[in-house]
Structures are given as C-alpha cells and as structure tokens.
Amino acid sequence: MGVLIPQDLITLNPAETVMLDFSLPGLSRCAISTRAVVRHRSGSRHGFELVGAVPGHRESILTFCRSLQEQTQLLFYRGNNTIN
C-alpha cells in the first residue's frame, strides 16, 4: 500500500507499528483507522506503510492520491505554459 508522510508528529523510529486515524477530503465521510509501519523518517517527516487498511479504504486512498497527482501535474503544466 502507499505511503503517507504526516508532519508535526512525535518522533517515531523505522519498524515501529502505529495506528493512523484520518479522513480524506471529498471522498469519504467516515474516518479511516488502520495499522501502519513506520518505513522512514527525515526530521519531523515520517513515511508509513499502511498494513491494516480494508479493501474499501484502500480504494478510497488510491483514488484520493490519484486525484492529487492529476492536480499537481495540471498545475505544473500550467506553470510552464504547456496548457492554456
């Protein structure tokens, strides 16, 4: 599963297991709660592997990440005058 990098957390070490509770704007009214393993840390930034997400939540997370990727690409292209 993908990686989330929340900021301003307590310092966690790689390989620690945590519970993450979050919601996705515009995609779900219910909160997602899942187990995650800390995979990397850089300062106050942490990368997590979601290991307990149920299939419905997994699909919502993937849909949300794809929409962010599309928005980022569109802004990048507009910024470089590739798209009018």
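None of the figures in this text is laboratory data; all of them are computed from the coordinates on show. All of these numbers come straight from a predicted model, not from anything done at the bench. For neighbour counting, all protein chains shown are included, and Cβ atoms are generated from backbone atoms with ideal geometry for every residue, glycine included.
Observations, loosely collected:
- With R₀ fixed at 25 Å, the C-beta to C-beta distance from Leu68 to Leu20 puts the FRET efficiency at about 0.90.
- Cβ-based net charge around Leu12, under 12 Å, with every Lys or Arg adding one and every Asp or Glu removing one: +2
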